[in-house]
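For reference, the structure is listed below as structure tokens.
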Amino acid sequence: METRELELYLNDLLSVSRFDDYCPNGLQVQGHKETFHLVTGVTASLALIEQAVALGADAILVHHGYFWKGEDACVTGQKYLRLKQLLQNNINLFAYHLPLDAHPELGNNTQLGELLGLNIDNRFGNAQIACIGTCSPQTLTAMCNHISKQLGRTPLLIGDGQRVVSRIAWCSGAAQSWLNEAVKLNADVYISGEISESTVHLARESGTAYIAAGHHATERGGVMALGEHLAHRFGLTHHFIDIPNPA
């Protein structure tokens with residue numbers, strides 16, 4: 001299909017225009033005019049690009065792309081090496097940040113909820129990205145064990161492992177600052193990707209437990225689901241490549 005057609009479809013599907021984001025969403029680096037082979041991944045790292053080149057991909061679609069607000073604009077160092085690989089191999093780079101977190105079906109938080117068996121009752125936070133809902137009553141230790149099995153990473157728990165919980169709030173990635181919102185919503189536990197020093201104290205003092213399940217681990221689902229959606233709708237060849245990341 002024409003790459004421009006794919007870009008327009010993605011921008012509409014993910015409602016890009018409604019987000020005030022930290023980076024540009026959409027086609028960040030132009031390549032082939034037509035896209036038949038799509039590689040998806042969480043972050044547009046050099047390792048991901050090199051594997052996409054080896055597979056003969058026309059386009060890469062990621063959650064974490066380039067050109068973040070406040071970053072050095074100079075094309076040097078790792079930025080140069082990444083862009084060089086894309087441009088020399090004529091590969092399109094699509095990136096969708098907050099729009100991919102928020103999508104009600106294909107988004108990171110919907111996909112994370114489905115993977116963990118959480119039911120969504122409502123949404124909160126910036127652009128209604130985060131979710132709150134319920135699960136079967138279980139101890140925090142049992143929940144952490146389940147998360148570890150599903151995500152392939154041992155989470156960090158701040159809270160009493162023997163406490164039974166059922167009202168769950170969650171947001172993938174670096175959304176630890178929304179623990180305050182989860183507390184206001186009377187969540188038993190809030191799940192996100194990262195943790196800050198202040199997060200520990202708020203979780204201990206508020207009574208809302210906190211689980212840090214990994215930034216990368218909690219954000220694989222959206223881009224995988226989106227890639228599969230595009231493959232099915234447009235007949236694209238799709239490969240999801242998971243570049244291991246312990247963070």
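The values are calculated or read from the model by the stated rules, or taken from the named source; none is laboratory data. Small disclaimer: the values here were computed from a predicted structure and weren't measured. Here the Cβ positions follow ideal geometry from the backbone for every residue, glycine too, while neighbour counts run over all protein chains shown.
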Among (1) in contact (Cβ under 8 Å) with a residue 60 or more places away in the chain; (2) under 14 Å from the mean Cα position of the chain (by Cα), which single condition is Ala175 missing?
(1)
Filtering segment 146-182 down to residues that are in contact with a strand residue (DSSP E or B) (Cβ under 8 Å, 6 or more places away or on another chain) and of a type in the set (Val, Ile, Thr), which residue is farthest from Tyr22 (Cα to Cα)?
Val164
Can you pull out the residues in segment 213-231 that are crowded, with 20+ Cβ neighbours inside 10 Å and of a type in the set (A, V, I, L, M, F, W, C)?
Ala213, Ala217, Val223, Ala225, Leu226, Leu230
Only one of these is within 17 Å of the chain's Cα centre (by Cα) and surrounded by fewer than 16 Cβ atoms within 10 Å (Cβ to Cβ): Leu115, Leu87, Leu100. Name it.
Leu115
Among the numbered criteria (1) touching a Pro at 6+ places or on another chain (Cβ under 8 Å); (2) under 24 Å from Asn245 (Cα atoms); (3) of a type outside the set (Lys, Arg), which one does Ile195 miss?
(1)
Has segment 5-23 got at least one residue that is farther than 18 Å from Glu219 by Cβ, touching a helix residue (DSSP H, G or I) at 6+ places or on another chain (Cβ under 7 Å), among the aliphatic types (A, V, I, L, M) and not in a helix (DSSP H, G or I)?
no
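So in segment 1-23, with the set limited to residues that are among the acidic types (Asp, Glu) and in contact with a strand residue (DSSP E or B) (Cβ under 9 Å, 6 or more places away or on another chain), which one is nearest to Trp68 (Cα to Cα)?
Residue satisfying both the conditions and the ranking: Glu7.
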Taking the stated definitions as given, is Glu71 more than 21 Å from Glu219 (Cα to Cα) and free of Cβ contacts under 8 Å to residues at least 40 places away in the same chain?
yes
Tell me which residues, restricted to segment 194-247, are charged (D, E, K, R), without any contact (Cβ under 8 Å) to a residue 60 or more places away in the chain and not in a helix (DSSP H, G or I).
Glu194
Test: residue in segment 176-187 that is of a type outside the set (D, E, K, R), assigned to a loop (DSSP other than H, G, I, E, B) and in contact with a His (Cβ under 6 Å, 6 or more places away or on another chain):
no
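Answer yes or no: is there a residue in segment 172-183 that is on the phi > 0 side of the Ramachandran plot, at pLDDT below 95 and not charged (D, E, K, R). Before you say what the answer is, go through the steps one by one.
Going residue by residue through segment 172-183, those that are on the phi > 0 side of the Ramachandran plot are 173.
If we keep only those that are at pLDDT below 95 too, we end up with none.
Within segment 172-183 (the criterion being on the phi > 0 side of the Ramachandran plot, at pLDDT below 95 and not charged (D, E, K, R)), the answer is no, since none of the residues qualifies.
When the residues of segment 124-153 are narrowed to those that are assigned to a helix (DSSP H, G or I) and β-branched (Val, Ile, Thr), which ends up surrounded by the fewest Cβ atoms within 10 Å (Cβ to Cβ)?
Here the answer is Thr141.
Which of the following residues is surrounded by fewer than 19 Cβ atoms within 10 Å (Cβ to Cβ), more than 20 Å from the chain's Cα centre (by Cα), among the acidic types (Asp, Glu) and over 25 Å from Ala247 (Cα atoms): Asp72, Asp121, Asp58?
On the way: Asp72 fails: over 25 Å from Ala247 (Cα atoms); Asp58 fails: surrounded by fewer than 19 Cβ atoms within 10 Å (Cβ to Cβ).
None of the other options fit; the residue is Asp121.
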